[in-house]
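Colleague: What follows is a structure written as structure tokens; I'll ask about it next.
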Amino acid sequence: MIVSRDYLKRTIRWPLIYCLALAVLFSHGSVLFDISYGNVDPSYNYAYGKAAADGLSFGDDFITTYGPLGYLISNYLPANAQRVMLWNIVYLVLLGVGVYWFCKLYIKRGWHRLLLATMLVYALSATKGGGFMEWSYLLTFVLYGFIYLKLPQARRRLLLLVAMGGAAGWFSLMKFTLGVGALLTLLGLCVFGSDTNRERLKQLALAGAAYVVSFVALAKIFGIHSLISYVHSTLLLSAGFSSAMAEFDPETVMATWFVGAALLLVILWPVWREKRRALRYAFLLPLLFEVWKYCVARQDSRLAIVIQVLLPLTVLIYCSLRVRRQNDAWIVVAILMLGVFGLWANKISFRSDFMSIVTAPLVNMRDHQFVTLVGRGNQKQRWAVVSSMGLQNAALPQTMRDKIGHQGVDVFPWETSVIAANDLMWQNSPSPFSFQNFSPYLDKQNATFYNSAKAPPFVIWHHVGASGVHGIDFRHVLWDEPQTTKALLANYQLVESNQEFMLLQKRSAPLKIKITTRTVRADSEGQWIKLPAPDDGTLLANLDIHPGLSGAMGTFLVRDKTYIATVKDSDGKESSYRFLRENDKDLIIGTLPKDWDELVLFVGEHHLSAHTTEFKVTTPLGKDVTVTDLHWIDK
């Protein structure tokens, strides 16, 4: 029997696309289980993986930006290796089908389809080496959005919307903001991709119902007790993210302009080319806004995600234009170059960040990462080796481990990988990362926990930053959670310390607090405010900053301004620290530790040699500032 060339082309093209997707994506079994003490992200990822493995209720027992399926984005526990591998296989198949479907709908010539498929699969899979998987998932979701716009059959469009609604619900259990981005994208498709109001209402109802059913059912399966708590706490974390990161400097301002120009060009391009049909592209706005907010808030190496997103997105837009012209190719180049200039302006290393996104598949193929990913036993063995090396610096002294024994222990301010390094029983506070608790609500959750019977017998307080007191982005570690800090000092006492750790043990009875309040004057921004002499107590400042409507709009559209407090000691030394407007109440200021040794003395209830005589802040405070004189009383 003679097989025709056309038959071979029809038969081979599906396996070809799948093999291409699997070969490139499976090559990204890069080290899933690295844990290195001193790095925020591994500790962060370990914590939500551990919380999911222990069946904690996200939003109540455990609060973070990730959900109970967050380990599918970044995993650090060998117990999750098989589920991560299965999810990757599902994702690969969905991406392979989506890429093939998109190419079939939008590209006519066969070799053009193969070229485009290669480019899209490569762009969407190159994230494991230098990018972030949640953006790949959202971009793949957008890929199916383009497929929806091109489908002629109404029934298929409805089925695709329902499937996408279910996927958005699934995303919400991985990272709620990821699910919100997918949901808004889906709603944009219904509104701007339909021709009649009746069709819009029908599609909105189906897509919304699919999302709600998926989200609620999966939340029930994965043990979320209160959807309200989960959604509320996650949205608080997302809102506070805008004020929590590094301050603006000339480099980051320039990078912001470049990123903004690139995203604006992405918006204006289809408007200019498609005229009335441009509204079809409005479903991309949630994705573009998320990219914008992420870039202007982070202002660090994670700015590289602008390239990760714009590379495949511009290809999708280019292929979806009714008529493609030579000018469009130059617009694609201009958008990507603006993104590159943004990286350059922010002094991001192209070799370590940008190039890692581009070359990751080749590097991982060379290192045979495919074998590492599919072999569960190999994964566990590799995790054991890598984590044991990375966690050496997180090992507690034997005397501390002996005191803890098999009793429950928490970690403050955030390095939960200490638990893994010392094989301890983690009895966690609800929101176990001080750097993310930038709201009174989250601070109160932890303070209530440490004041309750649920509090663990021990807390490990670890050294942070170069000085021991500088937290994330130049913030003082005692200012991130004012209420939680007071609860810790009242309920725990120092029993052992070295240059890396303090071991705190729960008191038989908490210290009582005696409070007196005074008022000091602040007539203008940046004015030095004199503090009263301490009376063997701890002075706390209540700043009470109100940004107003313009400040709130600026925070939403770009980011919050940077707030700095400078303190002057009785010995004449000045020190400056960032603080967050949301947590501007009860900031310890009278006896503020400046380094690890002073912090150990402070926590150990010893008086510091110097106290703060005056302070100033870089924002208007009004005329009156309340200062609380807090005294700890044994009984």
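Colleague: Is the stretch 49-107 best put as rounded, prolate or oblate by its Cα gyration tensor, with a ≥ b ≥ c the root eigenvalues, rounded for a/c under 1.5, and otherwise prolate when a/b is larger than b/c, oblate when not?
Modeller: It comes out prolate by the Cα gyration axes.
Colleague: Counting Lys and Arg as +1 and Asp and Glu as -1, each charge on the Cβ, what is the dipole of the stretch 110-237 about the Cα centre in debye, to the nearest 20? Numbers along the way, then the final one.
Modeller: On the way: 11 positive and 3 negative charges, 65 e Å.
With only Lys, Arg, Asp and Glu charged at Cβ, the dipole is about 320 debye.
Colleague: What distance in nm separates the two pseudo spin-label positions at Arg325 and Glu614, each 7 Å out from Cα along the beta-carbon direction?
Modeller: 6.5 nm
Colleague: Starting from the residue with the highest accessible area, list Trp87, Trp101, Trp479 in decreasing order, probe 1.4 Å. Present the calculation step by step, with values, prior to reporting the outcome.
Modeller: On the way: Trp87 30, Trp101 70, Trp479 5 Å².
The ordering from most to least exposed comes out as Trp101, Trp87, Trp479.
Colleague: According to the square roots a ≥ b ≥ c of the eigenvalues of the Cα gyration tensor, what is the shape class of the stretch 525-597, taking rounded for a/c under 1.5, prolate for a/b larger than b/c otherwise, and oblate for the remainder? If you can, show how the numbers build up before the last one.
Modeller: Numbers: a/c = 2.37, a/b = 2.10, b/c = 1.13.
Prolate, since a/c reaches 1.5 and a/b exceeds b/c.
Colleague: Which trypsin sites (Lys or Arg not before Pro) in the stretch 298-345 sit in a loop by DSSP (not H, G, I, E or B) and have at most 11 other Cβ atoms within 10 Å of their own Cβ?
Modeller: Details: sites: Arg298, Arg302, Arg322, Arg324, Arg325; in loops: Arg322, Arg324, Arg325.
Passing sites in the stretch 298-345 are Arg322, Arg325.
Colleague: Using the Karplus equation 6.51 cos²θ - 1.76 cosθ + 1.60 (θ = phi - 60°), what ³J(HN,Hα) coupling, rounded to whole Hz, does each residue of the stretch 329-345 give in order, writing x for Gly and Pro?
Modeller: Along the stretch 329-345, the couplings run 4, 5, 5, 4, 4, 4, 4, 5, 5, 4, x, 5, 4, x, 4, 4, 5 Hz.
Colleague: Looking at Met174, Leu186, Gln153, which one has the Cα that reaches farthest to the positive end of the dipole of the stretch 120-218 (charges on Cβ: Lys, Arg +1; Asp, Glu -1)?
Modeller: Gln153
Colleague: Can I ask one more? Pop the C-beta distance of Arg83 and Val385 into the FRET formula with R0 = 22 Å and round what comes out to the nearest 0.05. Each step should come with its number before you reach the end.
Modeller: Details: r = 22 Å, r/R0 = 0.98.
In this case the efficiency is close to 0.50.
Colleague: Going through the cross-link list Lys403/Lys594; Lys486/Lys573; Lys202/Lys293; Lys561/Lys585; Lys104/Lys150, which pairs have a Cα-Cα distance over 22 Å in this structure? Please list the in-between numbers first.
Modeller: Details: Lys403/Lys594 29 Å; Lys486/Lys573 26 Å; Lys202/Lys293 32 Å; Lys561/Lys585 18 Å; Lys104/Lys150 10 Å.
As for pairs spanning more than 22 Å Cα to Cα, those are Lys403/Lys594; Lys486/Lys573; Lys202/Lys293.
Colleague: As an exercise, use a Förster radius of 41 Å and the Cβ-Cβ distance of Thr399 and Val253 to find the FRET efficiency, rounded to the nearest 0.05.
Modeller: On the way: r = 50 Å, r/R0 = 1.21.
FRET efficiency, Thr399 to Val253: 0.25.
The values are calculated or read from the model by the stated rules, or taken from the named source; none is laboratory data. What you see is a predicted model; the values in this text were computed from it and never measured. Here Cβ is always computed from backbone atoms with ideal geometry, including for glycine, and neighbour counts include all displayed protein chains. For the accessible areas, the whole protein counts, side chains as well, though only heavy atoms, and no ligand, DNA or RNA atoms are used. Shrake-Rupley method; radii C 1.70, N 1.55, O 1.52, S 1.80 Å.
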